[in-house]
Amino acid sequence: MKRRTLVKGMALVLPSMWINQVFGKPYSFSALSDTSSGPFNASWESLSKYVVPDWFRDAKFGIWAHWGPQCQPERGDWYARGMYQEGSDQYQYHCKKYGHPSKFGFKDVINEWKAENWNPEELVALYKKAGARYFMALANHHDNFDLYNSSHQPWNSTKLGPKKDIIAGWAKAAKQNDLHFGVSVHAAHTWSWYETSQRWDKKGPYAEIPYDGNLTKKQGKDKWWDGYDPQDLYAQNHPMSENSWDNGMIHKQWDWGNGVVKPSDAYCEKFYKRTKELIDRYEPELIYFDDTALPLWPISDAGLRIAAHMYNKSIKRNGQLEAVICGKILSQQQRQCMVWDIERGQSNQIEPLPWQTDTCIGAWHYDRRIYEKNRYKSAKTVIHTMIDVVSKNGNLMLNIPVRGDGTIDEKERAVVEEIGEWMKINSEGIYGSRPWVDYGEGPSTENTIPLSAQGFNEGKGNPFGAQDIRFTKKGTTLYAFFMEYPDSRIAVSKKLGVKGVGEIKNISLLGSGAALKFEQNGEGLKVDLPDINLRHLPYTLKIEGAIV
């Protein structure tokens, strides 16, 4: 097995320690060892020794199942918050479909969710065929419902809703398909995110009747949730934050400032224990945190302790550091400690450290309206994004929304399959590649849109055209991805002239293998393209010669 330095400044290599997983049998948490000891501790200085593992740098493409009980209503993202916002689309939909949120809250939506048609093996096999090298599953969202066998959160999918260990099912499917497995964790923000459940209608027949966010265990007598405490789910036994009735305030308070009510120590510690158990029980290689930097930072060290634990556990299990943690809005020091994640957006330059874009072909949680109105991203748009991200030293994590019953619809499946067809031919220039000296050329490089907060510059520039090119490199081989097929059947690059790359020896088109005629001089490169059916998707030229 290939061995690398464990962390920056360390030459020690530990012997391999593999822990077998048996996904078909119950887990025994009491048998899991404490792996808190190791070279990392809960400080940014210590975590800055981190080195991104080669598997992640080489994988380039992952697929995400951002799936949980908020997909059951099929009404889009943040449903468990929006259903408590009087007059909102989700509130109106909820009242019509389920009833008023004072009588039928999100806890009751959980009870409706059965995941009856979920087949993780089939879905993950489909994603592998599409070219994904890693798979990520939602472990919990801001709705605070754990999708695994959690000792610290009674509101979990093994006891309520589908009564299935969702994460165990996904993990087993990933292992069967030889994909690296990751989980996404969002529940640190439940404290303030769910404050809408403490509200009440200000007008109408239910005016001043509280929603169900303040219910207690006692009030569940003879109800379906008898014995379960709604406060374990909603975590609302606290005052509302400053300006909490302003629906947009949550975004200004995401980093635990601007008047947010500080979470209790017990809340922070419970989150730590839940997440540590998730790491110990299911051994994900990647964790995505939907947080500024790390969860609960800077009001708690819980996120720092989780990161140190995951890194140390990875070293003990593998003999080297193979773990990846993704976080958002990172300082320069924090980018040394973990992988910088950009939501629905891309960097405008080659980043010195590996990074990731996370995006979705629709809404994060399934929204039937997107299906009905044909508003999914096309395979072409996804492929354009992937190429652009990879050319800048990044990875693409793509969410395919899953319906409440555990299936994807036929339009999503068609997008996934088309991505797979393109990857069959062109992935040689994707997997294991590294950036060239320039990420690309063309009008798109001159019309860049800056990032906003954690990202959100996706799709704001001009569409890619035939003059837009992106580059990747392997050794002395350069891959040039042309985003559109030119009408003239002549591919032109200004940066690939003799002055830019030296004398090119051979050019071929991925998928055909035949050498192409080309003309190279000091002004650029012209390549005669074959007349084949590539006009709707990007194509890739493999360029061999004195590439530097």
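The values are calculated or read from the model by the stated rules, or taken from the named source; none is laboratory data. Just so it is clear, the model here is predicted, and its values are computed rather than measured. Cβ atoms come from the backbone with ideal geometry, glycine included; neighbour counts cover every protein chain shown.
Checked against the criterion of being closer than 24 Å to S347 by Cα and in contact with a strand residue (DSSP E or B) (Cβ under 8 Å, 6 or more places away or on another chain), segment 402-411 has no qualifying residue.
S46 meets each of the listed conditions (1) surrounded by fewer than 23 Cβ atoms within 10 Å (Cβ to Cβ); (2) within 23 Å of Q356 (Cα to Cα); (3) in contact with an Asp or Glu (Cβ under 9 Å, 6 or more places away or on another chain) apart from (3).
Conditions tested, residue by residue: (1) farther than 18 Å from P230 by Cβ; (2) in contact with a strand residue (DSSP E or B) (Cβ under 7 Å, 6 or more places away or on another chain).
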position: Q70; (1), (2): no, no
position: P73; (1), (2): yes, no
position: G99; (1), (2): no, no
position: A115; (1), (2): yes, no
position: P120; (1), (2): yes, no
position: K129; (1), (2): yes, no
position: A132; (1), (2): yes, yes
position: T158; (1), (2): yes, no
position: P162; (1), (2): yes, no
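Count of segment 476-511 residues, restricted to those that are within 19 Å of A466 (Cβ to Cβ) and of a type in the set (S, T, Y), is 4. Every test in (1) within 34 Å of the chain's Cα centre (by Cα); (2) in contact (Cβ under 8 Å) with a residue 24 or more places away in the chain; (3) over 19 Å from G161 (Cα atoms) is passed by D212 save one, and that test is (3).
The single condition among (1) of a type in the set (S, T, N, Q); (2) out of contact with any strand residue (DSSP E or B) (no Cβ under 8 Å at 6 or more places or on another chain); (3) farther than 23 Å from P443 by Cβ that N521 does not satisfy is (3).
When segment 200-257 is limited to residues that are in a loop (DSSP other than H, G, I, E, B) and of a type in the set (A, V, I, L, M), the one that is surrounded by the fewest Cβ atoms within 10 Å (Cβ to Cβ) turns out to be I209.
Residues are listed down the side, and each one gets a yes or a no for (1) within 16 Å of V183 (Cβ to Cβ); (2) surrounded by 21 or more Cβ atoms within 10 Å (Cβ to Cβ):
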position: H94; (1), (2): no, yes
position: G99; (1), (2): no, no
position: K107; (1), (2): no, yes
position: N111; (1), (2): no, no
position: N119; (1), (2): no, no
position: L138; (1), (2): yes, yes
position: H152; (1), (2): yes, no
position: K163; (1), (2): no, no
position: I167; (1), (2): yes, yes
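Would you confirm whether or not segment 419-432 contains a residue that is in a loop (DSSP other than H, G, I, E, B), touching a residue at least 12 places away in the same chain (Cβ under 8 Å) and of a type in the set (G, A, S)? Yes, that holds for at least one residue. Evaluate the following for T445: is it assigned to a helix (DSSP H, G or I) and β-branched (V, I, T)? It is true that T445 is assigned to a helix (DSSP H, G or I) and β-branched (V, I, T).
Does segment 181-203 contain any residue that is over 24 Å from K328 (Cβ atoms), assigned by TED's automatic domain parsing to the domain that holds H238 and of a type in the set (A, V, I, L, M, F, W, C)?
From segment 181-203, those over 24 Å from K328 (Cβ atoms) are 197-203; that's our starting set.
When the remaining residues are screened for being assigned by TED's automatic domain parsing to the domain that holds H238, the result is 197-203.
Now restrict to residues that are of a type in the set (A, V, I, L, M, F, W, C): 200.
Yes: segment 181-203 contains one or more residues that are over 24 Å from K328 (Cβ atoms), assigned by TED's automatic domain parsing to the domain that holds H238 and of a type in the set (A, V, I, L, M, F, W, C).
Does A42 meet the test of being assigned to a loop (DSSP other than H, G, I, E, B), modelled with pLDDT under 50 and either out of contact with any helix residue (DSSP H, G or I) (no Cβ under 7 Å at 6 or more places or on another chain) or under 17 Å from K313 (Cα atoms) (or both)?
Details: assigned to a loop (DSSP other than H, G, I, E, B): yes; modelled with pLDDT under 50: no; either out of contact with any helix residue (DSSP H, G or I) (no Cβ under 7 Å at 6 or more places or on another chain) or under 17 Å from K313 (Cα atoms) (or both): yes.
It is false that A42 is assigned to a loop (DSSP other than H, G, I, E, B), modelled with pLDDT under 50 and either out of contact with any helix residue (DSSP H, G or I) (no Cβ under 7 Å at 6 or more places or on another chain) or under 17 Å from K313 (Cα atoms) (or both).
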